[in-house]
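All of the numbers you see were taken from the coordinates with simple rules; none came from a lab. Please read these numbers as outputs of a predicted model, since none were measured by experiment. Counting neighbours? That spans all protein chains shown, and the Cβs are built from the backbone with ideal geometry, glycine included.
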Amino acid sequence: MSDDALRERVNAKIFPHPLDTWYAVAWDHEVTHRGILARTVAGRPMALYRTEAGRPVALADACWHRLAPLSMGKLVGADEIQCPYHGLRYNPSGRCTRLPAQETLNPSASVPSYPIVERHRYLWVWPGEPARADPAAIPDMHQMDDPAWAGDGLTIEARCNYQLILDNLMDLTHEEFVHGSTLGQDELSQSEFSTRLESDDHVSVTRWMIDVAPPSFWAKNIRDRFPDFSGRVDRWQIIHYYAPSTICIDVGVAPTGTGAPEGDRSQGVNGYVMNTITPETERSSHYFWAFMRNYRLSSQQITTELRNGVKGVFGEDEVMLQAQQQAIDANPDYAFYSLNIDAGGMWVRRILDRMLAAEGALDTPRPAAPPDARALTGEPAPPVLR
């Protein structure tokens, strides 16, 4: 297949974000009854706190009276927030319960209250139409609080558009070049992969590297479980994207020939790289991530070492993504070109386009037919989204 057939011109300007969806707004431990957390989601500043009973609350971070940030105020009583400027108070539904120097409450005195749900160690908010907020639509990240898995993570305040991070996670061949000292190896670019549309909001990309030398990150991890291990491994990367911006990556290695490609991973080590990305503005994102594992669950040392090691790896991504955003801003007339390795990311963009179009937020639809990696080997392409 020619290079031209693999290319897809994509508008390289700022990519918009859907509103009628769930985004992670904070780790569960970040929001308490002792203070107020300010965070912006999809361009909407929010003031986050918990009631005395522990229920999370997300209010618009601007007082009805003079738009002073409520996040600069304080919590009063069991569940109310007080404006720092003139003392107006609001309950969790956003209704004003007290006005200064008057007993009569103005019927319009209120601020938006956003649907918020606690799940998978995160708090999730719905910045769009509240009536459409269905908690069942929160992405599956069960490894985060499943007792069969252990791990921890952090937050990156990424200075780039959220779709650039999705691109980065959907194509892991960049590990060969960006993470050469930890995760990268030549086989990443050389190995075959398949891209599959699992459902209207779920895309998977599967890559196996058979009989390869383990890169340093995985060599250490398999020896953490099997100290006497030496030799070559079968390595897997199975990426699962859930709309709009959650990507869970099933990763690991097992000694070559022990059955991992057929489903027996008992001789190796298995991890999940959990990622959920929340647009802050058009050029900044809250990137929540964790590394979960299913071996030596009680070892806090391994948990801390893995978190710190992945933090270093993602720090390399952060530098590249910020530089990419700067280049996009400096070259507004340039376009993106897509190769076969971008098939997963192109499906992601197509799903996002569908969501944006449903909200009337997509001015110029992107091309409708992303190439699929399996088409390069004559296998059928995934079904077309309607």
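Brief remarks follow.
- Gaussian network model of the chain, springs between alpha carbon atoms under 10 Å - residue of 251, 76, 125 with greatest fluctuation: 76
- For segment 31-137, a crude dipole built from +1 on the beta carbon of Lys and Arg and -1 on the beta carbon of Asp and Glu, taken about the Cα centre, is about 220 debye to the nearest 20.
- Segment residue 52-residue 106, extension gain: residue separation times 0.36 nm, minus the distance between their alpha carbons: 16.8 nm
- Paramagnetic reach from residue 142 in segment 190-218 [backbone N under 20 Å; point 7 Å along Cα→Cβ]: 198-205
- When the chain is treated as a Gaussian network with alpha carbon springs shorter than 10 Å, the biggest mean-square fluctuation among 67, 164, 48 belongs to 67.
- Computed from label points 7 Å out along Cα-Cβ, the spacing between residue 319 and residue 264 is 4.3 nm.
- Note on the chain: helix-only mean residue ellipticity at 222 nm, from DSSP H runs of 4+ residues weighted -39500 (n - 2.57) and normalised by residue number, equals -6000 deg cm²/dmol.
- Derived value for segment 142-377: Kirkwood hydrodynamic radius 18.7 Å. Basis is the mean of 1/r over every pair of different alpha-carbon atoms.
- Unpaired cysteine residues in the chain (no second Cys Cβ under 4.7 Å): 96, 160, 248.
- For segment 22-113, the alpha-carbon radius of gyration amounts to 1.02 times the rule-of-thumb value 2.2 N^0.38 Å expected for a compact globular protein.
- The slack between residue 192 and residue 210, meaning 0.36 nm per residue of separation minus the straight C-alpha distance, is 5.4 nm.
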